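The values are calculated or read from the model by the stated rules, or taken from the named source; none is laboratory data. What you see is a predicted model, and the numbers here were worked out from it, not measured in a lab. With ideal geometry, Cβ positions are generated from the backbone for all residues, glycine too; neighbour counts draw on all protein chains shown. Please note that ligands, DNA and RNA were not included when accessible areas were found on the heavy atoms of the full protein model with its side chains. Shrake-Rupley method; radii C 1.70, N 1.55, O 1.52, S 1.80 Å.
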Amino acid sequence: VGGDVPPDGIEEHWRQTYVDLTAAEDFGSDEQVDRLAAWLVRNQPISTAMNTTGNDLKYALRLFEKTGQVVYTIGREGAPALTCQARPQEGEIFGEFPVRKEMGKYTRFPVVIPSPTPGYNAYYSLSYLEKKAADPSPVAGAHALLELLESKASRGYCIEVLEYIQDACGVRRGDGSATGGPNRTILFGLQRPPMNDQVTALRCSAHTTLDELAPSLLPFMVTNAWMAVEVSVDPSNKKLIEQLDHRVPHVVTSDFNPDSPKYFNVVCPEQLRANVGGLTHFPLVGQFVSLYFPMGHIKSTTPDDHQFVEVFSASSKWLRVLH
């Protein structure tokens, strides 16, 4: 039992049962929510359960918006959240995401369920992407940047990513009524990075090209996550700086510190290029987007929980395309 959150890097005691209890004296305050949310971001457990009283969802909503877990469960009086498991077949999207800054240490892509395992090693043919490059941008805000791309394959891939974003954005309702388990109220979908004033840094070297950067940048630019990205460019990369000038907000050419606490995620130049397969092996867009944005579900233990649906569907945490 402690009065604050556990230390970072806590020993998880895999497959052993134990309870670590924090009894915060200022429970429910903005400061306490921020401390707990910051711990969840730094340590990235798979799931978070939040039990509520008096039909008050404000605490749970604040934690949801300030974090990036895959599984969230909201308990109610009389129907507490006693488990953090998920049933993916019902829209309770499950997965495992490392701490974002450390993604490259552990995996090529996060694991998201349900998804086809072969898809993690699949890529588009260059001939398909080059043909796709002739299609118009599905999102008007991307047109100016797309016009500057020199690689037809990169342009085609950007259009493919934008079409996916346009189709996949927004909150979706799951259905747990027909699979035999206890019915729950389920919402799932792509989400913005934690709304905690941190940003994702896309770091560009002296040699990074717009063709390498654009697929990672555009999903931020055309959605409500546009304030959550910073493009850091080596000042000697004059061509890229000129291409981004007046077209992309939040471009920085000063000294870059990847360890700054302001960064939720840091994507180095080598990762930027690797994430698009060196411009020759572009991965499937669903896996690609998962490198940058949280996804998963939040559920209430109460069936047909209309208050839960109303409150959490309206959250600005869900990724949405700007119009």
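Please go through region 173-209 and pick out each residue that is within 16 Å of the chain's Cα centre (by Cα) and among the acidic types (D, E). Before the answer, list the steps.
Step one: of region 173-209, the residues within 16 Å of the chain's Cα centre (by Cα) are 187-202.
Within region 173-209, D197 is the sole residue that qualifies.
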Which pairs do you get when a residue that is closer than 24 Å to L217 by Cβ, found in region 312-323, comes within reach of a residue that is among the polar types (S, T, N, Q) and open to solvent by 80 Å² or more (accessible area, probe 1.4 Å), reach meaning Cβ atoms under 7 angstrom, with the pair 6+ apart or on two chains?
V321/Q166
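Please tell me if Q287 is surrounded by fewer than 19 Cβ atoms within 10 Å (Cβ to Cβ), of a type in the set (S, T, N, Q) and not in a loop (DSSP other than H, G, I, E, B). So that I can check it myself, show each step before the final result.
On the way: surrounded by fewer than 19 Cβ atoms within 10 Å (Cβ to Cβ): no; of a type in the set (S, T, N, Q): yes; not in a loop (DSSP other than H, G, I, E, B): yes.
So Q287 does not fit the description; no.
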I'd like the residue in region 108-137 that is part of a loop (DSSP other than H, G, I, E, B) and among the aromatic types (F, W, Y) and, out of all such residues, is most open to solvent (accessible area, probe 1.4 Å).
Y124
Condition first: assigned to a helix (DSSP H, G or I), open to solvent by 10 Å² or more (accessible area, probe 1.4 Å) and closer than 14 Å to G174 by Cβ. Now tell me which residues in region 290-323 satisfy that.
V309, S313
Could you list, in sequence order, all residues of region 236-255 that are assigned to a loop (DSSP other than H, G, I, E, B) and either modelled with pLDDT of 95 or more or of a type in the set (V, I, T) (or both)?
S236, N237, V248, T253
Condition set within 14 Å of D304 (Cβ to Cβ) and surrounded by fewer than 20 Cβ atoms within 10 Å (Cβ to Cβ), scope region 175-186, selection modelled with the lowest pLDDT: answer is P182
